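The values are calculated or read from the model by the stated rules, or taken from the named source; none is laboratory data. A quick note: this is a predicted structure, and the numbers were derived from the prediction, not measured. Cβ sites come from the backbone with ideal geometry, for glycine too, and all protein chains shown count toward neighbours. SASA here: full protein model, heavy atoms, side chains in, ligands and nucleic acids out. Shrake-Rupley method; radii C 1.70, N 1.55, O 1.52, S 1.80 Å.
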Amino acid sequence: MLTANNIFIKYGDRVLFNYLNLVVGDRDKLGLVGRNGAGKSTMLKLLAGDLSPDSGTIERSGSSTIGYLHQEMTLPKGKTVMEETLTAFAEARRLEEKMNKLNEELGHRTDYESDSYTELLQDISDTSDRFHFLGGDLMEAEAERVLGGLGFKSSDMHRLTDEFSGGWQMRIELTKMLLQRPDYLLLDEPTNHLDIESIIWLESFLKDYSSAIIVISHDKTFLDNVTKSTIEIEMGKIHEYKASYSKYVELRLERREILESSFKNQQKNIAERERTITRFMAKATKTKMAQSMKKQLDKMERIELDVADTSAMKISFPPAPRSGEVVVDVKGLSKNYGDLAVLENIDLQMIRGDRVAFVGQNGQGKTTLAKIIIDQLAASEGTVKLGHNVQIGYYAQNQAEALDANRTLLQVMEGAAPPEMRTRVRSVLGAFLFSGEDVEKKVSVLSGGERARLAMACMLMRPFNLLVLDEPTNHLDMISKDVLKKALMDYDGTLIVVSHDRDFLTGLGNRTLEFRDKKLYEYLGDIQFFLEKRRLDNMRDVEKMTKKEKSKKVAKAAAAPMSKEDQKRKKELEKAVSNAERKITRQEEEIAKFELQMAASDFYSSADSDKVIEAYKASKNKLDEVMETWEKAQEKLDAFE
């Protein structure tokens with residue numbers, strides 16, 4: 001168990017964490033959410049041991065391991081992708097050396113009845129079990145499997161890590177972490193540099209991960225598919241919800257409504273009592289009663305109602321000037337970078353009002369084509385023609401980083417605005433949450449999310465009817481992403497969006513273009529239509545291969561009805577599985593009650609905290625036993641069927 005106890009952190013006059021507590025179980029899968037600046041990354045740094053609180057403690061078992069994927073990391077140079085990845089198996093290699101030494105010692109021993117010989121056998125068994133658990137006997141194959149899942153090709157394995165961008169280096173670091181299988185896996189925005197296929201693969205891996213996971217992500221779909229509980233950091237406090245992100249949003253609203261109702265009722269009750277006390281104090285016969293009522297009122301536990309930070313951008317795209325019917329016409333386009341071919345002989349036509357999503361693995365040419373269309377990059381072959389009166393708005397992946405760090409927000413906006421828009425600069429900044437003295441800040445002091453908002457504000461200073469957005473949701477929090485999506489839904493021009501965010505793309509487009517193997521593959525629908533179509537395509541070959549086999553099994557089952565003994569045995573197995581599932585449910589409910597107790601702000605100062613923690617641990621162990629019983633029963637039932 002990993003626990004944060006009475007954590008207090010203060011930066012200047014701002015209290016970031018106000019004596020908060022957090023308990024992470026051995027198999028918990030938690031999503032850590034909150035507005036930008038709420039302290040999510042700080043919490044991961046605390047849990048990882050990279051940061052110390054002003055007061056409070058972080059506690060975990062001395063033998064447990066932590067893997068922490070943060071947003072800023074660098075790999076050592078001079079190693080190939082495979083060589084660097086295999087450093088993840090350092091423990092397995094040490095265990096392999098230890099096993100060799102132990103087996104060598106075993107070969108010379110003849111004291112078969114001694115205690116030390118028994119201990120040696122046990123040591124060999126424990127070392128071997130740990131070695132196999134870490135995948136030591138299949139190190140390179142397992143490394144290649146995980147690297148492949150995260151988007152690396154076989155030809156990449158022996159390239160130097162120096163040749164890859166920061167996003168791909170992050171994938172290598174993530175691969176190493178997944179192969180190490182730490183007891184607590186801490187992931188800070190792991191999907192930021194991943195494409196959709198890699199995100200889906202990572203989701204599948206993490207669903208089956210047997211240890212604890214804590215993840216920060218602005219990808220709603222990823223959180224829904226990976227996490228089972230949500231930890232919200234708000235105004236220096238923690239609120240835990242036993243639900244994945246989408247359900248958490250509903251529960252949070254319900255909790256807020258209940259809290260506000262209780263607060264109003266309590267304030268009404270307090271006001272009535274204070275009036276009564278004031279009235280009684282004026283009468284000599286009632287003074288003693290009034291004093292007693294005042295003492296009771298002073299002892300009342302007051303409901304605190306935090307002022308939730310619900311501030312959000314106010315984006316409204318200007319009406320799009322009318323363009324010609326054909327907005328973009330691409331014919332026979334190819335693009336090479338030296339000997340590397342990225343796009344080969346592609347055609348694309350976009351009609352006024354089209355809303356197109358560019359998807360596919362990183363490096364397949366999505367950003368390249370977007371830059372060629374807006375004339376920031378030249379094609380190697382072919383033509384790109386823009387229609388009549390096409391005016392372009394463009395937001396690049398690195399748009400926020402490209403802002404002049406030495407200029408103030410006001411100077412940046414005035415530089416982006418045409419003369420007729422200069423008078424509206426301050427109001428536009430205000431709509432993007434920059435008001436008052438904020439406009440005189442230097443760009444250099446802004447966070448990633450603030451820079452992204454400023455870059456979008458600059459983009460809106462000129463009218464356009466072809467909007468090209470390349471990864472627009474990077475650095476935006478959940479609320480900002482929702483606001484941007486709503487504005488795009490109302491935008492009346494032609495739209496191109498390059499993104500890997502499935503929730504953001506859902507319902508946003510009428511065409512999806514997949515970039516794969518230097519070609520474009522078109523799907524006439526949004527991202528969900530594309531994902532379903534791709535899933536069916538991938539399954540088709542498997543279905544063809546198994547169709548005959550399934551038919552044979554059905555025919556065989558029809559020809560040979562189940563005997564009474566088999567029917568009886570099947571019912572017994574089904575009952576065993578059902579009983580185990582009921583026990584699992586009861587055990588999980590018991591654990592949830594313990595965790596509710598342990599989440600209380602005064603828990604660790606209470607007299608019975610140690611007993612509760614011991615009972616909690618025992619309950620978790622019991623759940624493991626019941627899970628094992630269920631697995632065995634289910635395996636027998638599956639084999640029987």
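How much FRET efficiency would the formula 1/(1 + (r/R0)^6) give for LYS299 and ARG586, where r is the Cβ-Cβ distance and R0 is 41 Å, rounded to 0.05?
Between LYS299 and ARG586 the formula returns 0.60.
What list of ³J(HN,Hα) couplings, whole Hz, do you get for region 382-393 from phi and the Karplus terms 6.51, -1.76, 1.60, once you set θ to phi - 60° and write x for glycine and proline?
Running phi through 6.51 cos²θ - 1.76 cosθ + 1.60 with θ = phi - 60° gives x, 10, 10, 10, 9, x, 4, 6, 6, 10, 9, x Hz.
Quick one: work out the % antiparallel among DSSP beta bridges in region 114-240, nearest 5.
45 percent
For ARG145 and GLN597, compute 0.36 nm times the residue count separating them, minus their Cα-Cα distance, and round to one decimal in nm.
Numbers: separation 452, 0.36 × 452 = 162.72 nm, distance 4.19 nm.
Contour length minus Cα-Cα distance gives 158.5 nm.
Apply the Karplus parameterisation 6.51 cos²θ - 1.76 cosθ + 1.60, with θ equal to phi minus 60°, to every residue of region 260-277 and state each ³J(HN,Hα) to the nearest whole Hz, in sequence, with x for glycine and proline.
For region 260-277, the Karplus curve yields 5, 5, 5, 5, 4, 5, 5, 4, 5, 5, 4, 4, 5, 5, 5, 5, 5, 4 Hz.
Provide the three semi-axes, in whole Å and in decreasing order, of the ellipsoid equivalent to region 181-340 as defined by the square roots of 5 times the Cα gyration tensor eigenvalues.
57, 26, 11
Can you tell me how region 447-509 classifies by the Cα gyration tensor, rounded, prolate or oblate, using a/c under 1.5 as the rounded cut?
Verdict is oblate for region 447-509.
How far apart, in nm, are two points set 7 Å out from the Cα along the Cα-to-Cβ line at ASP129 and at GLN391?
The two pseudo-label positions are separated by 7.1 nm.
Would you give the gap between the C-alpha center of region 196-243 and the C-alpha center of region 469-506, rounded to a whole Å?
Computed from Cα coordinates, the inter-centre distance equals 21 Å.
Out of region 93-194, which GluC sites (Glu not before Pro) are coil in DSSP terms and have no more than 14 other C-beta atoms within 10 Å?
Sparse-neighbourhood loop GluC sites (Glu not before Pro): GLU113.
Give me the compactness ratio for the chain, meaning the Cα radius of gyration over 2.2 N^0.38 Å.
Output field value: 1.18.
Under a plain spin-label model, where a point goes 7 Å from the Cα along Cα-to-Cβ, how far apart in nm are SER61 and SER204?
3.0 nm
What is the chain's relative contact order, in percent, from Cα pairs under 8 angstrom and six or more apart in sequence?
This gives 13 percent for the chain.
Defining a contact as two alpha carbons under 8 Å apart and six or more residues distant in sequence, what relative contact order in percent does region 379-530 show?
23 percent
When the Cα centres of region 396-421 and region 59-128 are compared, how far apart do they sit, in Å?
A separation of 54 Å, based on Cα centres.
Within region 300-387, which trypsin sites (Lys or Arg not before Pro) sit in a loop by DSSP and count at most 15 neighbouring Cβ atoms inside 10 Å?
ARG302, LYS314, ARG322
ASP347 to LYS611: extension gain in nm, 0.36 nm per residue of separation minus the Cα-Cα distance?
88.1 nm
Taking amide H positions as placed 1.01 Å from N in the peptide plane, with prolines and chain starts having none, which residues 5 or more places from ASN362, or on another chain, fall under 5 Å of its amide H?
It is ASP195, by chain and number.
Hey, what's the Cα Rg ratio for region 1-84 versus the globular rule of thumb, 2.2 N^0.38 Å?
Ratio of Cα Rg to 2.2 N^0.38 Å: 1.30.
Could you pull out the chymotrypsin sites (Phe, Trp or Tyr not before Pro) across region 46-130 that fall in loop regions by DSSP (anything but H, G, I, E, B) with no more than 15 other Cβ atoms inside 10 Å?
Of the chymotrypsin sites (Phe, Trp or Tyr not before Pro), the ones in loops of region 46-130 whose Cβ has at most 15 other Cβ atoms within 10 Å are TYR112.
What is the Cα convex hull volume of region 271-361 when expressed per residue in Å³?
Looking at region 271-361, the number lands at 247 Å³ per residue.
What percent antiparallel are the DSSP beta bridges of the chain, to the nearest 5?
50 percent
I'd like the Karplus ³J(HN,Hα) series for region 398-407: coefficients 6.51, -1.76, 1.60, θ = phi - 60°, whole numbers in Hz, and an x wherever there's a Gly or Pro.
Whole-Hz 3J(HN,Hα) from phi for region 398-407: 9, 4, 5, 6, 7, 5, 5, 5, 8, 9.
Would you mind getting me the FRET efficiency between ALA618 and TYR117? Use the beta-carbon distance for r and R0 = 22 Å, nearest 0.05. Before the final figure, lay out the partial values.
Working: r = 34 Å, r/R0 = 1.56.
Approximately 0.05, to the nearest 0.05.
Determine how large the accessible area of HIS108 is when every protein chain is in place; take a 1.4 Å probe and give Å² rounded to the nearest 10.
140 Å²
Using only the Cα atoms of region 42-184, build the gyration tensor, take square roots of its eigenvalues as a ≥ b ≥ c, and label the shape rounded, prolate or oblate: rounded if a/c is under 1.5, else prolate if a/b is larger than b/c, else oblate.
Values: a/c = 3.22, a/b = 1.42, b/c = 2.27.
Because a/c hits 1.5 or more and a/b fails to exceed b/c, region 42-184 counts as oblate.
Please give me the summed charge of the neighbours of ASP111: other residues whose Cβ is under 12 Å from its Cβ, Lys and Arg +1, Asp and Glu -1.
Within the 12 Å Cβ shell, the charges total -3.
What's the carbon and sulfur percent of region 93-237's accessible surface, probe 1.4 angstrom, rounded to a whole number?
Working: 3160 of 6570 Å².
Ligands and nucleic acids excluded, carbon and sulfur reach 48 percent.
Please find the FRET efficiency linking ASN398 to ASP54, where r is the Cβ-Cβ separation and R0 is fixed at 30 Å, and quote it to the nearest 0.05.
Rounded to the nearest 0.05, the efficiency is 0.25.
Specify whether the C-alpha gyration tensor of region 68-152 places it in the rounded, prolate or oblate class, a ≥ b ≥ c being the square roots of the eigenvalues: rounded for a/c under 1.5, otherwise prolate if a/b is larger than b/c and oblate if not. Don't skip to the answer; put the middle values down first.
Details: a/c = 3.10, a/b = 2.99, b/c = 1.04.
Here region 68-152 falls in the prolate category.
Once you compute Rg and the Kirkwood Rh from C-alpha atoms, what is the Rg to Rh ratio for region 253-304?
A ratio of 1.15.
Determine the calculated [θ] at 222 nm for the chain from helices alone, applying -39500 (n - 2.57) to every DSSP H run no shorter than 4 residues and normalising by the residue count; nearest 500 deg cm²/dmol. Before the final figure, lay out the partial values.
Working: 19 runs with 300 residues, N = 641.
Value at 222 nm, helices only, nearest 500: -15500 deg cm²/dmol.
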